[in-house]
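Engineer: Dropping a structure here in structure tokens format, bear with me for questions.
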Amino acid sequence: MARKALLISPELCIGCRGCQTACKAWNQLPATKTANKGSAENPPDLTPNLYNKIRYVEMPSETNTVRWLFVSQRCMHCDDAGCIKICPAPGALFKTKEGATAFNKDNCIGCKLCVAACPFNVPRYDEKEKISKCNLCSDRIADGLAPACAKTCPTGAIRYGDRDEIIGKTQKAGYQKLYGQMDLGGLGVLYAFKDSPKIYGMDEHPQIPETVVFWHKVLKPLAYLGLGGAVAASLLHYIAIGPKKDEEVK
Amino acid sequence: MGNQMIKKANAFEILNHWLLAGSFLILTLSGFGFLFHLQQVVAIFGSANTMKIWHNYAGIVFSISLFLTIFNYLPVSLKFGSDDMGWIMKAGGYFAKKAAIPPQDVINAGQKLYYLFILFAGIAIAASGFFIWLRPQVDDIRKWILLSHLVHNIAFDLFMIAVPLHIYLGTLANPGTFRIMVYGTVPLEWAKKRHAKWVQKMGY
Ligand code: HEM
Ligand code: HEM
Ligand code: SF4
Ligand code: SF4
Ligand code: SF4
């Protein structure tokens with residue numbers, strides 16, 4: 001199965017937030033009451049009931065009164081996913097054959113370690129302390145359908161398809177490199193940015209926290225090696241030198 | 001006279017040791033289950049969710065028990081003198097037959113160091129564990145959780161080296177030691193050879 005991906009083109013987005021609504025409809029997520037904070041960006045952040053949102057960025061502009069950037073935010077479906085790496089519960093977070101990072105609330109133990117290990121600060125947890133985030137509509141894409149957000153987007157700012165095809169097409173259209181093409185083994189959400197990612201509110205070089213990588217590469221194997229080594233050393237001592245027989249103790 | 005017994009550990013100390021060891025076993029087992037997604041281990045507990053509950057509540061028992069060890073071992077462990085240095089220089093006599101070891105307190109220098117390690121690493125693993133579990137409201141929580149995760153796992157690795165050695169030293173390596181944590185008593189002659197300073201202090 002070819003890896004799937006979303007292509008986000010902020011310059012095509014009109015900020016209608018149809019994707020936010022479609023996502024809630026498909027994933028049966030209730031609406032949340034929010035207060036007006038003087039921006040059309042709403043709600044202000046991802047929540048357990050909001051898997052995606054449009055970030056509104058206001059930039060000074062020479063040609064217009066203001067330059068608006070609308071950036072779709074959600075789980076990036078990293079190939080090398082920090083959330084999966086750190087998760088201690090078997091089967092709580094997993095990769096689907098399409099490359100989505102999906103979750104199963106029944107297996108989640110609510111430790112929230114994934115919240116700390118995600119380079120994009122994506123996972124949220126619900127009132128039962130279970131993980132909640134975009135799952136690339138893994139139920140839809142398993143049936144060959146496009147995710148609800150991509151399906152509903154009226155301008156093509158969110159498009160869905162084979163990851164390799166998306167990269168090929170955008171290269172022909174003049175994009176040297178998409179945001180997310182190489183990072184973290186390649187993200188499942190690619191961005192056609194026309195400027196530096198920072199302007200769009202994205203991390204230039206997203207990385208899994210060093211402590212998580214160190215833990216994964218060194219501390220985890222060391223748990224087995226330490227235990228095995230200590231047991232082996234004890235056995236070796238018992239055979240080579242032997243116990244302290246009472247008559248030998250002075 | 002040759003087989004007179006003397007009391008080395010009282011009931012409180014023995015009970016607390018097995019609370020510590022028992023909770024530690026549950027924590028280690030479930031800890032490995034989490035670390036390596038061991039399905040067989042998860043099956044023992046029923047599900048990952050019940051394993052987490054066992055891990056967390058065994059953590060409470062472990063913490064209380066660890067606290068109680070202070071009364072038994074901390075004062076003597078902090079008394080580290082030239083006889084203790086002598087024990088260290090001779091590596092406790094574990095690598096030579098009939099090494100002459102300076103007289104030792106109720107626990108020897110190695111046991112003192114082991115205790116201080118257990119206390120230190122135990123506080124580290126308990127504090128980090130409770131932090132991950134209870135997620136106190138602090139600024140920059142993600143950083144603190146990552147730090148706790150790191151500390152929890154470094155302490156775990158150290159425990160995995162130290163505890164098997166302790167179990168070996170408390171059983172096979174030193175015949176006659178294991179009964180301390182069962183009956184609390186040892187033969188006087190046995191104690192004179194190993195804990196001379198303590199035996200003297202007890203008035204024998
Ligand atoms: C003393 C109180 C302790 C508390 C409150 C505690 C709590 C936790 C928590 C919250 C987790 C994350 C997974 C979960 O939610 O269950 C965890 C993981 C773990 N704990 Fe503990 N723990 C404690 C002691 C220990 C001890 C004594 C050991 C072993 C010697 C241990 C070994 C582990 C290991 C190996 C993991 C999995 C590592 C990981 O995925 O980060 N814990 N513990
Ligand atoms: C089944 C495994 C274990 C056995 C057979 C065992 C055996 C013993 C024995 C015989 C003693 C008495 C030594 C003496 O008084 O001279 C002792 C003391 C002690 N044990 Fe254990 N133990 C075990 C597990 C543990 C665990 C898991 C811990 C902590 C994580 C622990 C911590 C201690 C401490 C702090 C002492 C007192 C200080 C010392 O003697 O070093 N033990 N143990
Ligand atoms: S963006 Fe975060 S939650 Fe999504 S796959 Fe990557 S690490 Fe996991
Ligand atoms: S909160 Fe759930 S999904 Fe996240 S790391 Fe813990 S068990 Fe895994
Ligand atoms: S892919 Fe599905 S779950 Fe993810 S944001 Fe879009 S509609 Fe929501």
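The values are calculated or read from the model by the stated rules, or taken from the named source; none is laboratory data. All figures in this text were calculated on a predicted structure; none of them were measured in a lab. Neighbour counts run over all protein chains shown; Cβ positions are idealised from the backbone, glycine included. In case anyone asks, the SASA skips ligands and DNA or RNA and just uses the protein heavy atoms, side chains included. Shrake-Rupley method; radii C 1.70, N 1.55, O 1.52, S 1.80 Å.
Results for (1) more than 15 Å from ligand 1 (Cβ to nearest atom); (2) of a type in the set (Gly, Ala, Ser); (3) surrounded by fewer than 16 Cβ atoms within 10 Å (Cβ to Cβ); (4) not assigned by TED's automatic domain parsing to the domain that holds A:LEU46, shown as yes or no for each residue.
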position	(1), (2), (3), (4)
A:THR65	yes, no, yes, no
A:GLY82	no, yes, no, no
A:PRO88	no, no, no, no
A:ASP126	yes, no, yes, no
A:LYS130	no, no, no, no
A:LEU136	yes, no, no, no
A:ALA148	yes, yes, no, no
A:PRO154	yes, no, yes, no
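Engineer: Could you please let me know if B:TYR114 is part of a helix (DSSP H, G or I), open to solvent by 30 Å² or more (accessible area, probe 1.4 Å), closer than 25 Å to B:ILE161 by Cβ and out of contact with any Pro (no Cβ under 6 Å at 6 or more places or on another chain)?
Structural biologist: Criteria met by B:TYR114.
Engineer: Starting from the stretch A:106-118, keep only residues that are more than 7 Å from chain B (Cβ to nearest Cβ) and in contact (Cβ under 8 Å) with a residue 24 or more places away in the chain, then list their pairs with residues that are in a loop (DSSP other than H, G, I, E, B) and among the basic types (Lys, Arg) whose Cβ atoms are within a distance under 9 Å, requiring at least 6 positions of separation or different chains.
Structural biologist: From the stretch A:106-118, the pairs are A:CYS114/A:LYS133; A:CYS118/A:LYS133.
Engineer: For residues that are more than 15 Å from A:GLY188 (Cβ to Cβ), away from ligand 5 (no atom under 15 Å from the Cβ) and out of contact with any Asp or Glu (no Cβ under 6 Å at 6 or more places or on another chain), tally how many sit in the stretch A:90-138.
Structural biologist: Going through the stretch A:90-138 one residue at a time, the tally reaches 20.
Engineer: For the stretch A:19-58, how many residues meet the condition of being open to solvent by less than 40 Å² (accessible area, probe 1.4 Å), touching a residue at least 60 places away in the same chain (Cβ under 8 Å) and either over 24 Å from A:LYS130 (Cα atoms) or aromatic (Phe, Trp, Tyr) (or both)?
Structural biologist: 2
Engineer: Looking for whichever is more than 14 Å from every other protein chain (Cβ to nearest Cβ) and crowded, with 17+ Cβ neighbours inside 10 Å here; the options are B:SER77, B:SER82. Which one fits?
Structural biologist: Checking each option against the conditions leaves just B:SER77.
Engineer: Another question, if that's okay. Can you name the residue in the stretch B:121-134 that is within 13 Å of chain A (Cβ to nearest Cβ) and either among the β-branched types (Val, Ile, Thr) or touching a residue at least 40 places away in the same chain (Cβ under 8 Å) (or both) and, of all such residues, is least open to solvent (accessible area, probe 1.4 Å)?
Structural biologist: So the residue we want is B:ALA121.
Engineer: While we're here: Return a yes/no flag: does the stretch A:181-199 have any residue that is open to solvent by 20 Å² or more (accessible area, probe 1.4 Å), in contact with a Lys or Arg (Cβ under 7 Å, 6 or more places away or on another chain) and not small (Gly, Ala, Ser).
Structural biologist: No: the stretch A:181-199 contains no residue that is open to solvent by 20 Å² or more (accessible area, probe 1.4 Å), in contact with a Lys or Arg (Cβ under 7 Å, 6 or more places away or on another chain) and not small (Gly, Ala, Ser).
Engineer: State whether one or more residues within the stretch A:168-177 are under 18 Å from the mean Cα position of the chain (by Cα), surrounded by fewer than 19 Cβ atoms within 10 Å (Cβ to Cβ) and away from ligand 2 (no atom under 16 Å from the Cβ).
Structural biologist: Looking through the stretch A:168-177, none of the residues is under 18 Å from the mean Cα position of the chain (by Cα), surrounded by fewer than 19 Cβ atoms within 10 Å (Cβ to Cβ) and away from ligand 2 (no atom under 16 Å from the Cβ).
Engineer: Return yes or no: is A:LEU136 away from every other protein chain (no Cβ under 14 Å) and in contact (Cβ under 8 Å) with a residue 24 or more places away in the chain?
Structural biologist: So A:LEU136 fits the description; yes.
Engineer: Kindly provide the set of residues from the stretch B:12-64 that are among the hydroxyl-bearing types (Ser, Thr, Tyr) and within 28 Å of A:GLY91 (Cα to Cα), ordered by number.
Structural biologist: Correct list: B:SER23, B:THR28, B:SER30, B:SER47, B:THR50, B:TYR57.
Engineer: Looking at (1) more than 19 Å from B:TRP18 (Cβ to Cβ); (2) touching an Asp or Glu at 6+ places or on another chain (Cβ under 8 Å), can you tell me which one B:GLY184 breaks?
Structural biologist: With respect to (1) more than 19 Å from B:TRP18 (Cβ to Cβ); (2) touching an Asp or Glu at 6+ places or on another chain (Cβ under 8 Å), B:GLY184 is out only on (1).
Engineer: Would you confirm, using the coordinates I've provided, whether B:ASN3 is more than 22 Å from A:GLY110 (Cβ to Cβ), open to solvent by 70 Å² or more (accessible area, probe 1.4 Å) and either within 12 Å of another protein chain (Cβ to nearest Cβ) or not hydrophobic (A, V, I, L, M, F, W, C) (or both)?
Structural biologist: yes
Engineer: Which of the residues belonging to the stretch A:48-69 are acidic (Asp, Glu) and closer than 30 Å to A:ALA148 by Cβ?
Structural biologist: A:GLU58
Engineer: Now for a separate question. Given the criterion farther than 19 Å from B:LEU25 by Cβ and within 16 Å of ligand 3 (Cβ to nearest atom), identify the matching residue among B:LEU146, B:LEU134.
Structural biologist: Of the residues listed, the single one that is farther than 19 Å from B:LEU25 by Cβ and within 16 Å of ligand 3 (Cβ to nearest atom) is B:LEU146.
Engineer: Tell me, please, whether a residue that is within 17 Å of the chain's Cα centre (by Cα) and part of a loop (DSSP other than H, G, I, E, B) can be found in the stretch A:1-22.
Structural biologist: Yes.
Engineer: In the stretch B:31-52, is there at least one residue being closer than 18 Å to B:VAL163 by Cα, more than 11 Å from every other protein chain (Cβ to nearest Cβ) and open to solvent by less than 60 Å² (accessible area, probe 1.4 Å)?
Structural biologist: No, the stretch B:31-52 has no match at all.
Engineer: Here's something else I'd like to know. Can you pull out the residues in the stretch A:208-250 that are charged (D, E, K, R) and surrounded by fewer than 16 Cβ atoms within 10 Å (Cβ to Cβ)?
Structural biologist: A:GLU210, A:LYS217, A:LYS245, A:ASP246, A:GLU247, A:GLU248, A:LYS250
Engineer: Do you know which residues across the stretch B:135-170 are part of a loop (DSSP other than H, G, I, E, B), facing chain A (nearest Cβ under 8 Å) and not basic (Lys, Arg)?
Structural biologist: Once the filter is applied, which keeps residues that are part of a loop (DSSP other than H, G, I, E, B), facing chain A (nearest Cβ under 8 Å) and not basic (Lys, Arg), the stretch B:135-170 yields nothing.
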